[in-house]
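Student: Supplied in structure tokens, the structure appears directly below.
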Amino acid sequence: MTHLRKMMLEELERRNYSERTIRYYLRFVERFAQHFGKSPDKLGPEHLRSYQAYLLKERKLCPGSVEHHVAALRFFYLRTLHRPEFREFLPYPKVPRKLPNILSQEEVARLIEASSSLFQRALLMVLYGTGMRRAEIARLKIADIDSQRMIIHVVDGKGHKDRDLPLSPALLETLRAYWRWLKPRIYLFPSRTRRDCERPISDKTVWLACIQAAKRAGIRKPSNPHLVRHYSVCRTITG
């Protein structure tokens, strides 16, 4: 590990960035250096300008992807090397914002009814009923369900923050039936590959549950967890 890479890693870790973000940031700065065949601390504004143009025009990355590259380079120059003057040479590209094509209430109902098992039905109902992110659902524990206060406690959510979400009577009834059927011990949705050492499912399992149920329900519209979650959030906001 080079001295610069170690410095950047330490800065990322002490700011409590996620492992995934750390991995991507280090990779993006490394690619920037490899593109010019020089150490990144030897590269200046003209290199940054041409590299951003290269990502957009030659590699044809979408503005959202280039935005992640810029964020990594900003962190390297501003936080690791302490060169605030580089900020003006690292503008974020304009990213067009589109409204998601969310599912209708009827489509969400069909999605849940098309569940292949009680495991999948409970998982989809948590997603629909709470608007939780798929990684949060994957890590959800039995102890996080508070039936007395009718809340679900989300631990270490986005931004490493905890929050409480309302638990509806219909969802509680489904979760109770699901618990009597599977009897999970720690995680609400344990991985069923190793019952001797309970571990949570991966967030990909949540994604696959949505895709498979949508296919059985004959829903042609994109039906990933993000869109089902969007429906739940919009329903909460609009009442």
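Student: If a residue must be surrounded by fewer than 17 Cβ atoms within 10 Å (Cβ to Cβ) and without any contact (Cβ under 8 Å) to a residue 24 or more places away in the chain, how many such residues does region 45-60 contain?
Tutor: Result for region 45-60: 8.
Student: Out of Asp156, Asp164, report the one residue that is without any contact (Cβ under 8 Å) to a residue 40 or more places away in the chain, of a type outside the set (Gly, Ala, Ser) and in contact with a His (Cβ under 7 Å, 6 or more places away or on another chain).
Tutor: Result: Asp164 is the single residue among Asp156, Asp164 that is without any contact (Cβ under 8 Å) to a residue 40 or more places away in the chain, of a type outside the set (Gly, Ala, Ser) and in contact with a His (Cβ under 7 Å, 6 or more places away or on another chain).
Student: Return yes or no: is Pro93 at pLDDT 85 or above and either outside any helix (DSSP H, G or I) or in the same structural domain as Ala209 (by TED's automatic domain parsing) (or both)?
Tutor: Judged against the criteria, Pro93 is a match.
Student: Just wondering, is there one or more residues in region 121-142 that are in a strand (DSSP E or B) and either on the phi > 0 side of the Ramachandran plot or outside the structural domain of Val29 (by TED's automatic domain parsing) (or both)?
Tutor: Yes, region 121-142 contains at least one residue that is in a strand (DSSP E or B) and either on the phi > 0 side of the Ramachandran plot or outside the structural domain of Val29 (by TED's automatic domain parsing) (or both).
Student: Something else: So which of Val126, Val155 ends up being buried (at least 18 other Cβ atoms within 10 Å of the Cβ) and at pLDDT below 95?
Tutor: Going through Val126, Val155 in turn, the sole match is Val126.
Student: While we're looking at this one, here's another question. Can you report the number of residues in region 29-71 which are farther than 16 Å from Thr2 by Cβ and assigned to a helix (DSSP H, G or I)? Lay out the reasoning, then the answer.
Tutor: First pass over region 29-71, keeping only residues farther than 16 Å from Thr2 by Cβ: 35, 44-71.
Right, trim to assigned to a helix (DSSP H, G or I) and you get 35, 45-58, 63-71.
Final tally of qualifying residues: 24.
The values are calculated or read from the model by the stated rules, or taken from the named source; none is laboratory data. Here the structure is a predicted model, which means the values were calculated and not measured. Note that each Cβ is placed from the backbone with ideal geometry, even for glycine, and that neighbours are counted across all protein chains shown.
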